[in-house]
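Below is one structure; the comments refer to it alone.
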Amino acid sequence: MSPPAERPGFWQQVYRSVFRHRFDDTPRNRVLQITSNVFLHLHPATIRRHGLRLRFTWGMGGLSFLMFLVTVVTGVILMFYYRPTAAAAYIDMKNLQHEIPFGMIQRNMHRWGAHAMVILVWLHMLRVFLSGSYKPPREFNWTVGVLLLTLTMLLSFTGYLLPWDQLARWAITVGTNMAAATPFIGHQGPGAGLTGVTERTDIRALLLGGPQVGDAALLRFYVLHCVFLPIIASVFMIVHFWRVRKDGGISGPPHAEDAASSPGGPRA
Amino acid sequence: MNDAHAQAARTDETLPDAVTTWPHLVRIELLTTLVAMVLLTVWSIVVDAPLEEAADPNRTPDPSKAPWYFLGLQELLVYFDPWIAGVIVPALIILGLMAIPYLDRNPRGSGYYTLRERPFSIAVFLFGFLGLWIVPILIGVFCRGPGWNWYWPWEPWDIAHATHLTNINLTDWLGVPSALGGVFVCAWYSLGGAFWLWRRKSPALLQLGGARYAVTAFLLLTMTAIPLKMALRLLVNVKYVWVTPWFNI
Ligand code: HEM
């Protein structure tokens, strides 16, 4: 039996069960802050000073991720008020804007956050290129990034249809008409005669669930936008962040001592 | 550096200039998140997302614009058939971007900004990013009006702008058989082969090797062919370079 003085009180027990460590500023606690927190543990416990500089990373990868999180949170809220049918969608949008408390700002943050994400991802790619950070050993993470870029634009594109107004419908019509021109599998593309695809059986019909943008297209885009693409994008983001660490952390100029052994820095 | 820093840095001996992530990185993340959220919130209070009249399949707006981030591709529709502008070009953009790290063999300039050590790759990327992507988007957003005609941003869309240009095919304009169009296209891409024969002993091409060179040359010639065709259209009204029963380029 340990003496009573060593037994923690109730609140102390709760506190320690959650945090596992104290918060006084010791080197050990600084490391534990990161390694004992599932979210912060995305990061390594230590990081090269170089990778901290906003002048180097422009903070663009992190801000792209922040915009993704904003659209996830606001998007879930919008889903409470939105039905993906041609009869209801537009009415729901009007209600959201005029009847639902804070509906308009939820919608605005979702829309502008998505636009910001597209721009920030482009700028992130630009910085990664200009700083030569795609060079070995980070080639694969660059290709993962290109997939994320594509997914970001597809997320934005599928969401564009959902308000079901004139802007949405015709923008998606213009965009998906391109699919009808795909060689061999689009009914207006070269080689359509060889494969015999029609406007009801070609790749655009698969995308839209029919020959034009209607009810079926709205449902398809809704499911892609709210379920399928966010999950796929999340999976690739996990891979992307993991690989930033595995490829040796944020890139930087080679150290004098390890430049010879491995180009682009050590592997974490 | 105080003792704590020095000790923490030593937890990973391979990183001589390392500092602890907490608080050095986490506080930057917190602050940038706060600033970004303030900006986004203000933006969302001040500007409302657009909502036009309800969708109407019987009323096509003129112009019908794709979402702004795809307007570069829509702009290409002026100069190329949809299967090129809407399918081949986007596919090549995605595959070409993915290929960059495997094509660029220059070991210098990894992890720091430098123009001097890699002028060629940076010039190519900026040409693609700014010239072939951003500028066409700006044109599509600000300068295209009804009939996809050119309107300066300060011009009202009601002024008559009907430009009835008659475009002709390059081979008709030159008065040669249309099959020669295929020769022109092949000649353009064989420039890559010619350059190889001429410079294959140069250090840059030796380092690249045949297969990488072929892919690089194809991508670069395709990138430069796009503004070339635009110039042919704008200067001498050429519609197609190569006309066949199956496709036109
Ligand atoms: C949803 C999109 C994306 C997110 C959320 C994302 C996030 C991040 C984050 C947080 C980092 C850490 C460093 C930094 O912030 O700069 C990073 C690094 C990196 N990203 Fe992305 N990224 C995305 C898209 C892309 C794209 C489009 C590319 C390139 C085509 C790319 C290539 C890279 C590479 C190569 C690194 C390592 C850079 C280095 O070590 O200096 N990422 N990304």
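The values are calculated or read from the model by the stated rules, or taken from the named source; none is laboratory data. Because the structure is predicted, anything quoted here is derived from the model rather than measured. Using ideal geometry, Cβ is built from the backbone for each residue, glycine included, and neighbour counts are taken over all protein chains shown. Only protein heavy atoms, including side chains, enter the accessible area calculation; ligands, DNA and RNA are left aside. Shrake-Rupley method; radii C 1.70, N 1.55, O 1.52, S 1.80 Å.
Please determine whether any residue of the stretch A:200-217 is assigned to a helix (DSSP H, G or I), within 12 Å of another protein chain (Cβ to nearest Cβ) and within 11 Å of the ligand (Cβ to nearest atom). Walk me through how you get there before you give the answer.
Here is the first cut: in the stretch A:200-217, the residues assigned to a helix (DSSP H, G or I) are A:203-208, A:215-217.
Checking which are within 12 Å of another protein chain (Cβ to nearest Cβ) leaves us with A:203-204, A:215, A:217.
So of that shortlist, the ones also within 11 Å of the ligand (Cβ to nearest atom) come out as none.
Within the stretch A:200-217 (the criterion being assigned to a helix (DSSP H, G or I), within 12 Å of another protein chain (Cβ to nearest Cβ) and within 11 Å of the ligand (Cβ to nearest atom)), the answer is no, since none of the residues qualifies.
Kindly establish whether B:Phe195 is under 25 Å from B:Phe125 (Cα atoms) and either within 23 Å of the chain's Cα centre (by Cα) or at pLDDT 90 or above (or both). Criteria met by B:Phe195.
Do the conditions hold for A:Trp112, that is, is it facing chain B (nearest Cβ under 9 Å), closer than 30 Å to B:Pro57 by Cβ, at pLDDT 95 or above and touching a strand residue (DSSP E or B) at 6+ places or on another chain (Cβ under 8 Å)? Answer is no for this residue.
In the stretch A:69-85, of all residues being open to solvent by 60 Å² or more (accessible area, probe 1.4 Å) and among the aliphatic types (A, V, I, L, M), the one that is farthest from A:Met104 (Cα to Cα) corresponds to A:Leu69.
Of all the residues in the stretch A:176-207, those that are open to solvent by less than 20 Å² (accessible area, probe 1.4 Å) and within 14 Å of B:Ser64 (Cα to Cα) number 1. Please indicate, with yes or no, whether at least one residue in the stretch A:95-102 is more than 16 Å from the ligand (Cβ to nearest atom), part of a helix (DSSP H, G or I) and touching a residue at least 24 places away in the same chain (Cβ under 8 Å). No, every residue in the stretch A:95-102 fails to be more than 16 Å from the ligand (Cβ to nearest atom), part of a helix (DSSP H, G or I) and touching a residue at least 24 places away in the same chain (Cβ under 8 Å).
Identify, from the list B:Trp148, B:Trp173, B:Trp157, B:Trp188, the residue that is touching a residue at least 24 places away in the same chain (Cβ under 8 Å) and open to solvent by 90 Å² or more (accessible area, probe 1.4 Å). Spell out how you get there, then give the answer.
Values: B:Trp148 fails: open to solvent by 90 Å² or more (accessible area, probe 1.4 Å); B:Trp157 fails: touching a residue at least 24 places away in the same chain (Cβ under 8 Å); B:Trp188 fails: open to solvent by 90 Å² or more (accessible area, probe 1.4 Å).
That would be B:Trp173, the only listed residue that is touching a residue at least 24 places away in the same chain (Cβ under 8 Å) and open to solvent by 90 Å² or more (accessible area, probe 1.4 Å).
Scoring B:Ser202 on the criteria (1) modelled with pLDDT of 90 or more; (2) touching a Gly at 6+ places or on another chain (Cβ under 7 Å) leaves a single failure, condition (2). Restricting the stretch A:2-23 to residues that are without any contact (Cβ under 8 Å) to a residue 12 or more places away in the chain and within 35 Å of the chain's Cα centre (by Cα) leaves a set whose member that is most open to solvent (accessible area, probe 1.4 Å) is A:Arg22.
Does the stretch A:114-122 contain at least one residue that is under 16 Å from A:Leu162 (Cβ atoms), within 22 Å of the chain's Cα centre (by Cα) and of a type outside the set (Val, Ile, Thr)? Please lay out each step first, then the result.
To start, the set of residues in the stretch A:114-122 that are under 16 Å from A:Leu162 (Cβ atoms) comprises A:114-115.
Within this subset, residues satisfying the condition of being within 22 Å of the chain's Cα centre (by Cα) are A:114-115.
Add one more test, that the residue is of a type outside the set (Val, Ile, Thr), and what stays is A:114-115.
Yes - at least one qualifying residue is present in the stretch A:114-122.
Of the candidates B:Pro107, B:Pro119, B:Pro90, B:Pro136, the single residue that is closer than 30 Å to A:Lys135 by Cα, modelled with pLDDT of 95 or more and over 14 Å from the mean Cα position of the chain (by Cα) is B:Pro119.
Exactly one residue out of B:Arg118, B:Arg105, B:Arg27, B:Arg59 is basic (Lys, Arg) and crowded, with 18+ Cβ neighbours inside 10 Å, and it is B:Arg118.
The rows are residues; the columns are (1) away from the ligand (no atom under 11 Å from the Cβ); (2) open to solvent by 60 Å² or more (accessible area, probe 1.4 Å).
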site: A:Asn29; (1), (2): yes, no
site: A:Ile34; (1), (2): yes, no
site: A:Arg49; (1), (2): yes, yes
site: A:Phe56; (1), (2): no, no
site: A:Gly59; (1), (2): no, no
site: A:Leu63; (1), (2): no, no
site: A:Met67; (1), (2): no, no
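Only one of the listed residues (A:Leu147, A:Leu123) is more than 9 Å from the ligand (Cβ to nearest atom), touching a residue at least 24 places away in the same chain (Cβ under 8 Å) and more than 7 Å from chain B (Cβ to nearest Cβ). That residue is A:Leu123.
Would the stretch A:232-251 turn up any residue that is within 16 Å of the ligand (Cβ to nearest atom), assigned to a loop (DSSP other than H, G, I, E, B), modelled with pLDDT under 95 and of a type in the set (A, V, I, L, M, F, W, C)?
Here is the first cut: in the stretch A:232-251, the residues within 16 Å of the ligand (Cβ to nearest atom) are A:232-251.
This time we only want the ones that are assigned to a loop (DSSP other than H, G, I, E, B), so: A:247-251.
If we keep only those that are modelled with pLDDT under 95 as well, we get A:247-251.
Filter once more, so that each one left must be of a type in the set (A, V, I, L, M, F, W, C): A:250.
Among the residues of the stretch A:232-251, at least one is within 16 Å of the ligand (Cβ to nearest atom), assigned to a loop (DSSP other than H, G, I, E, B), modelled with pLDDT under 95 and of a type in the set (A, V, I, L, M, F, W, C), which makes the answer yes.
So, B:Leu51, is that one facing chain A (nearest Cβ under 10 Å), open to solvent by 40 Å² or more (accessible area, probe 1.4 Å), among the hydrophobic types (A, V, I, L, M, F, W, C) and out of contact with any Ser or Thr (no Cβ under 6 Å at 6 or more places or on another chain) or not? Taking the combined requirement at face value, the residue does not satisfy it. Restricting attention to the stretch A:130-140 and to residues that are buried (at least 22 other Cβ atoms within 10 Å of the Cβ) and of a type outside the set (Lys, Arg), the residue that is farthest from the ligand (Cβ to nearest atom) turns out to be A:Gly132.
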